[in-house]
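Colleague: Right, I'll just put the structure down here and ask away after.
The values are calculated or read from the model by the stated rules, or taken from the named source; none is laboratory data. As the structure is a prediction and not an experimental result, all values here were calculated from the model. All Cβ positions, glycine included, derive from the backbone under ideal geometry; neighbour counts span all protein chains shown.
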Amino acid sequence: MLLAIDTSAGTSVAVVDHARGVLAEHGVADTMRHAEVVGPLIQQCLAEAGVTVAELSGVVGGMGPGPFTGLRVGIAAARVFALGAARPLVPVVSHDAIAFGHYRRGHTGPLLVVTDARRREVYWSAFSGTDAAGLPERLAVPGLAQPAALLEPDFPFAGMIRLDAATVSAGDLGLLAELTFAAGRPFAANDALYLRSPDAVLPTTRKRVSN
């Protein structure tokens with residue numbers, strides 16, 4: 001069983017099992033309260049699933065892409081929980097989970113997943129479909145662009161069916177991790193996909209302090 005956490009859009013937490021599916025899942029769409037709600041959501045999901053920490057085999061962290069402030073909350077929560085529980089952290093690309101959920105609900109063929117990056121930009125990932133194991137096959141690394149760029153004729157994935165997702169299901173995130181492990185495939189890199197620098201940066205020069 002896995003505990004799955006994603007804060008690349010809203011905040012979503014789930015407990016999943018490869019054989020039994022999603023045992024519990026709860027989320028909050030608010031993109032400003034990740035740190036406030038992630039802890040209670042973890043407690044709620046574990047209690048509802050009737051699962052103890054000792055019964056978990058790992059903790060899945062959604063690695064984005066997502067805005068810096070929100071995304072890092074979920075990744076930090078997953079890493080800290082995994083460390084405290086002495087369980088491995090399982091990194092999964094959040095866009096892959098969105099595509100996986102769409103495919104397992106009946107979609108076939110190419111798909112362009114798009115999520116809000118704020119600052120009048122979007123994150124995008126293109127998929128050709130699923131492989132023999134049912135895992136989504138991404139055509140390129142996730143990208144960042146202005147919305148109009150995705151409508152241009154020279155955009156390499158123009159014409160694909162487009163899925164604009166406002167949230168990421170931690171249930172799909174966890175089930176994707178379970179299927180990835182069962183298929184013997186490697187997990188994502190343990191690196192957050194911010195795709196841009198954070199809003200707050202350290203100054204490049206020191207202020208002169210007068211006596």
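Colleague: Select, from ARG87, ARG104, ARG138, the only residue that is at pLDDT 95 or above, surrounded by 15 or more Cβ atoms within 10 Å (Cβ to Cβ), basic (Lys, Arg) and more than 18 Å from the chain's Cα centre (by Cα).
Modeller: ARG87
Colleague: Then there's this: What number of residues within region 7-63 are touching a strand residue (DSSP E or B) at 6+ places or on another chain (Cβ under 7 Å), of a type in the set (A, V, I, L, M) and more than 22 Å from TYR194 (Cα to Cα)?
Modeller: 12
Colleague: Can I ask one more? Quick check on my filter: what residues within region 73-84 are aromatic (Phe, Trp, Tyr) and surrounded by fewer than 18 Cβ atoms within 10 Å (Cβ to Cβ)?
Modeller: none
Colleague: In region 57-72, how many residues are surrounded by fewer than 21 Cβ atoms within 10 Å (Cβ to Cβ) and of a type in the set (A, V, I, L, M, F, W, C)?
Modeller: Residues in region 57-72 being surrounded by fewer than 21 Cβ atoms within 10 Å (Cβ to Cβ) and of a type in the set (A, V, I, L, M, F, W, C): 1 in total.
Colleague: Also, quick follow-up: Out of region 3-54, which residues are touching a helix residue (DSSP H, G or I) at 6+ places or on another chain (Cβ under 7 Å) and part of a loop (DSSP other than H, G, I, E, B)?
Modeller: Matches in region 3-54: THR7, SER8, HIS18, THR31.
One line per residue, one yes/no per condition, for (1) charged (D, E, K, R); (2) closer than 17 Å to ILE75 by Cβ:
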residue	(1), (2)
SER8	no, yes
VAL16	no, no
GLY21	no, no
GLU36	yes, yes
THR52	no, no
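Colleague: All but one of (1) farther than 18 Å from LEU89 by Cβ; (2) exposed (fewer than 15 other Cβ atoms within 10 Å of the Cβ) hold for VAL53; state the number of the condition that does not hold.
Modeller: With (1) farther than 18 Å from LEU89 by Cβ; (2) exposed (fewer than 15 other Cβ atoms within 10 Å of the Cβ) applied to VAL53, the lone miss is (1).
Colleague: Of everything in region 149-194, what is over 19 Å from TYR103 (Cβ atoms), buried (at least 17 other Cβ atoms within 10 Å of the Cβ) and either modelled with pLDDT under 95 or out of contact with any Pro (no Cβ under 8 Å at 6 or more places or on another chain) (or both)? Give them in sequence order.
Modeller: Matches in region 149-194: LEU150, PHE155, ALA192.
Colleague: In the list LEU23, LEU89, which residue meets the criterion of being over 26 Å from VAL141 (Cβ atoms) and not β-branched (Val, Ile, Thr)?
Modeller: Result of the check over LEU23, LEU89: LEU23.
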